[in-house]
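> I am attaching a structure below and will ask some questions about it afterwards.
The values are calculated or read from the model by the stated rules, or taken from the named source; none is laboratory data. A quick note: this is a predicted structure, and the numbers were derived from the prediction, not measured. Reconstructed Cβ throughout: ideal geometry from the backbone, glycine too, with neighbour counts over all protein chains shown. Keep in mind that these areas ignore ligands, DNA and RNA; they rest on the heavy atoms of the full protein, side chains included. Shrake-Rupley method; radii C 1.70, N 1.55, O 1.52, S 1.80 Å.
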Amino acid sequence: MAAMLPAALLRWFPFLAWPRPDAALLRGEFWAGMTVGLMLVPQGVAYAALAGMPLVTGIYASLVPALVAVLWGSSSRLSVGPTALTSLLIGASLTGLAEPGSAQWVALAAWMALLTGVLQLVLGVVRFGWLLNLVTSPVLSGFTQAAALLILASQLPALTGLRVPLGELLASPGLRHFDLLGTAMGLGSIAALALAKRFWPGFPAVIVVMGASALASQALGYGAGGGAVVGALPAGLPQPYWPGALPWGTLGALIMPVLVITLVSFLETASSAKVEHQEGGTRWNENQDLIAQGLAKISSGLCGSFTTSSSFSRSAVNLYAGARTGWATIFASALVLVALLWLTPALYHVPQAVLAAVVVTAITGLIKPGLLPQLWRISRVEAVIGVLTFAITLAAAPNLYWGVLAGLVVNLSHFLYQRLHPRIIEVGLHPDGSLRDRHLWHLPPLAPHLLALRMDAELDFASASALERTLAERMADFPGLAHVCLFAQPINRVDVTGVETFARLRQLVLRHGCTLHISGLKLPIEQALERARVLEPGPQLRIYRTDTEALQMLQQIAPPAV
């Protein structure tokens, strides 16, 4: 059916490509959807608390945005809704701008959802998904590790039932500052969730733990005795919401957080989508998912909720439960709808400590102590970039975006340094027949009176001056030089600066009375040089199609060194 539809229609309505449902398919999708749906409601409430939002908005963010994302995304098995990292960024970004949970806070969070959604939508429409490549794994890992620790720190007071600020506790330590019953329920919930995750990974333990804690809380009169519980949540569907005008000064304060949330939330999506498409043997269309995620965020803001993203853990559960299409998300959303209409009173007695336990259990998967040693073994420079991102993210809290920005700047600076200092080697013939670094492998020259160089980079504005400088230095240190050979096969692009530099290189070789040999020029490079008329035939210029041909001719002109 999908093959008969126009590509443009499928781009704007990708759900039309879903397979035609039958009883067997719907049965499997139903149980996968129920498994994820039972996680969505409690996690949504817990992540709303992390974002400083009214708790019911976490359920709103689990309903409409999830439906929008699955209908317009190319990755139909992603679980979209509130996530711990995005919720932390929202709460941290709005700190100092409004009171958590207030109408102004909700309006600002909705504006962040709208702005990030519009930005992702535009990036998807203009096919700018390649911008994801700007954030490397060390930068993302450093930021994620720091954010995970901050999330854990933010949940400790609620998890332990701490009734006073941390400063007062340090000044006057004592158990009287703790709600011991809340502490017991919070730590007990962590233990139960950890055991379930280890021994029954597909079991919806979150809803069971929350249900059991609610029953225990009600039986013990925990809320009536002053304990912190979820409290009354409004029932019914989310209403259309407009956050009102956004002052210019406030917009300026939101710009950097919006940019970082846009990037980080889609990197969360990318991590889940790549797993899905690798498992399904399909190609990931990042631009289509940018459109879907943007529309989902816009819908969340228009429901009075906050920015959503793709949850790696819930998406993994969806795949583990056997989801094959977006119908699983439809069933999960139906369960969220039922919870909104009839089951919100059941959340009244859930202790806040249990919500904190849900967040803590979900976030522990992000903490990977062995990641830094692994990075150090692969690349010490990138390990340092990851550590720097980690440290600045922690130090800049609650302005977490400085960590990502610092990591990006340092990483791009490292990239630019590498481009400005390309690998340029003098080659020699290895016994296995390959051309390698003559000095590194202690190889003899290819021939006497011959300087043979290879640059493993593009010939453009960044690397051209390095090649020109290296050639001039090597020629000045080479008495009796008669031949210069440039093995050019690794060069796959040339710009105007590169063409001008090549012309100067040819003149430099001519002034020294040497013959210039060029081996392995790729056709686009050769055509660009010919259009600039810097490959004009002459007695002191020789061009070879392959390195083998060049070696044969060079050894005839100048016998190999003994």
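> Being over 44 Å from the mean Cα position of the chain (by Cα), surrounded by 20 or more Cβ atoms within 10 Å (Cβ to Cβ) and of a type in the set (A, V, I, L, M), is that true of even one residue in region 552-559?
Within region 552-559, one or more residues are over 44 Å from the mean Cα position of the chain (by Cα), surrounded by 20 or more Cβ atoms within 10 Å (Cβ to Cβ) and of a type in the set (A, V, I, L, M).
> While we're on this one: Need pairs with beta-carbon distance below 8 Å; first residue within 20 Å of residue 292 (Cα to Cα) and surrounded by 10 or more Cβ atoms within 10 Å (Cβ to Cβ) and within region 1-23, second modelled with pLDDT of 80 or more and polar (S, T, N, Q); sequence gap 6+ or separate chains.
Cβ pairs passing all conditions: 11/288; 14/74; 14/76; 14/288; 15/76; 18/76; 18/325; 19/325.
> If you don't mind, there's one more thing I want to ask. Taking residue 164, is it among the β-branched types (Val, Ile, Thr), out of contact with any Gly (no Cβ under 9 Å at 6 or more places or on another chain), assigned to a helix (DSSP H, G or I) and modelled with pLDDT under 90? Outline the logic, then answer.
Details: among the β-branched types (Val, Ile, Thr): yes; out of contact with any Gly (no Cβ under 9 Å at 6 or more places or on another chain): yes; assigned to a helix (DSSP H, G or I): no; modelled with pLDDT under 90: yes.
Taking the combined requirement at face value, the residue does not satisfy it.
> I need every pair where a residue in region 195-212 that is part of a helix (DSSP H, G or I) has its Cβ under 6 Å from the Cβ of a residue that is open to solvent by 70 Å² or more (accessible area, probe 1.4 Å), sequence separation at least 6 or different chains.
196/203
> Please name all residue pairs, on different chains or six or more residues apart, with Cβ atoms under 7 Å, provided the first residue is in region 98-120 and is over 19 Å from residue 247 (Cβ atoms) and the second residue is open to solvent by 30 Å² or more (accessible area, probe 1.4 Å).
Partner pairs satisfying both residue conditions: 101/54; 117/295; 117/298.
> Also: Restricting attention to region 310-332, report how many residues are closer than 24 Å to residue 290 by Cβ, more than 25 Å from the chain's Cα centre (by Cα) and either open to solvent by 40 Å² or more (accessible area, probe 1.4 Å) or free of Cβ contacts under 8 Å to residues at least 12 places away in the same chain (or both).
Going through region 310-332 one residue at a time, the tally reaches 2.
> Taking into account only those residues within region 502-542 that are among the polar types (S, T, N, Q) and within 42 Å of the chain's Cα centre (by Cα), which is surrounded by the most Cβ atoms within 10 Å (Cβ to Cβ)? Spell out the reasoning first.
Taking region 502-542 first, the residues among the polar types (S, T, N, Q) are 507, 515, 519, 527, 540.
After this cut, where a residue has to be within 42 Å of the chain's Cα centre (by Cα) as well, the list is 519, 527.
Numbers: 519: 24, 527: 13.
The selected residue is 519.
> Are any residues in region 206-244 under 29 Å from residue 109 (Cβ atoms) and aliphatic (A, V, I, L, M), and if so, which ones?
Those that are under 29 Å from residue 109 (Cβ atoms) and aliphatic (A, V, I, L, M): 206, 207, 209, 210, 214, 228, 229, 230, 232, 233, 235, 237.
> Let me spell it out: the conditions are (1) under 30 Å from residue 296 (Cβ atoms); (2) open to solvent by 40 Å² or more (accessible area, probe 1.4 Å); (3) free of Cβ contacts under 8 Å to residues at least 40 places away in the same chain, and residue 178 meets all of them except one. Which number is the exception?
(1)
> Take residue 354 and tell me if it is buried (at least 20 other Cβ atoms within 10 Å of the Cβ) and not small (Gly, Ala, Ser). Outline the logic, then answer.
On the way: buried (at least 20 other Cβ atoms within 10 Å of the Cβ): yes; not small (Gly, Ala, Ser): yes.
It is true that residue 354 is buried (at least 20 other Cβ atoms within 10 Å of the Cβ) and not small (Gly, Ala, Ser).
> Further question on the same structure: In this structure, is residue 344 part of a helix (DSSP H, G or I), of a type in the set (Ser, Thr, Tyr) and under 21 Å from residue 214 (Cα atoms)? Explain how you work it out, then say what you get.
Details: part of a helix (DSSP H, G or I): yes; of a type in the set (Ser, Thr, Tyr): yes; under 21 Å from residue 214 (Cα atoms): yes.
In short, yes.
> Of all residues in region 298-309, which are closer than 21 Å to residue 204 by Cα and more than 25 Å from the chain's Cα centre (by Cα)?
In the first step, residues of region 298-309 are kept if they are closer than 21 Å to residue 204 by Cα; the result is 309.
Selection gives nothing.
> For region 271-286, name all the residues that are open to solvent by less than 20 Å² (accessible area, probe 1.4 Å) and either of a type outside the set (A, V, I, L, M) or at positive phi (or both).
Initial filter on region 271-286 (open to solvent by less than 20 Å² (accessible area, probe 1.4 Å)): 272-273, 276-277.
The answer is 272, 276, 277.
> Ok, one more. Only one of (1) under 15 Å from residue 464 (Cα atoms); (2) open to solvent by 60 Å² or more (accessible area, probe 1.4 Å); (3) within 42 Å of the chain's Cα centre (by Cα); (4) of a type outside the set (Gly, Ala, Ser) fails for residue 499. Which number is that?
(2)
> Criterion first (at pLDDT below 95, surrounded by fewer than 17 Cβ atoms within 10 Å (Cβ to Cβ) and touching a Leu at 6+ places or on another chain (Cβ under 7 Å)) does residue 439 satisfy it? Let's see the steps before the verdict.
Values: at pLDDT below 95: yes; surrounded by fewer than 17 Cβ atoms within 10 Å (Cβ to Cβ): yes; touching a Leu at 6+ places or on another chain (Cβ under 7 Å): no.
In short, no.
> Taking residue 61 as meeting all but one of (1) under 27 Å from the mean Cα position of the chain (by Cα); (2) of a type in the set (Gly, Ala, Ser); (3) open to solvent by 20 Å² or more (accessible area, probe 1.4 Å); (4) more than 19 Å from residue 287 (Cα to Cα), write down the number of the exception.
Here residue 61 meets the rest and fails (3).
> Here is a further query. Going through 187, 159, 149 one at a time, which residue ends up being under 34 Å from the mean Cα position of the chain (by Cα), of a type outside the set (S, T, N, Q), surrounded by 18 or more Cβ atoms within 10 Å (Cβ to Cβ) and in a helix (DSSP H, G or I)? Explain how you work it out, then say what you get.
Values: 187 fails: surrounded by 18 or more Cβ atoms within 10 Å (Cβ to Cβ); 149 fails: surrounded by 18 or more Cβ atoms within 10 Å (Cβ to Cβ).
The conditions single out 159.
> Being at pLDDT 90 or above, part of a helix (DSSP H, G or I) and not small (Gly, Ala, Ser) is the filter here; which residues of region 287-330 pass it?
287, 288, 289, 290, 291, 293, 295, 297, 298, 327, 329, 330
> Taking region 131-146 as the region of interest, how many residues are open to solvent by less than 60 Å² (accessible area, probe 1.4 Å) and either modelled with pLDDT of 90 or more or among the hydroxyl-bearing types (Ser, Thr, Tyr) (or both)? Outline the logic, then answer.
In the first step, residues of region 131-146 are kept if they are open to solvent by less than 60 Å² (accessible area, probe 1.4 Å); the result is 131-132, 135-136, 138-146.
Filter once more, keeping what is either modelled with pLDDT of 90 or more or among the hydroxyl-bearing types (Ser, Thr, Tyr) (or both): 136, 138-139, 141-146.
The total comes to 9.
> Here is a list of conditions, (1) surrounded by 20 or more Cβ atoms within 10 Å (Cβ to Cβ); (2) farther than 30 Å from residue 351 by Cα; (3) within 20 Å of the chain's Cα centre (by Cα), and residue 256 meets all of them except one; can you say which number that is?
Only one criterion in (1) surrounded by 20 or more Cβ atoms within 10 Å (Cβ to Cβ); (2) farther than 30 Å from residue 351 by Cα; (3) within 20 Å of the chain's Cα centre (by Cα) is unmet by residue 256, namely (1).
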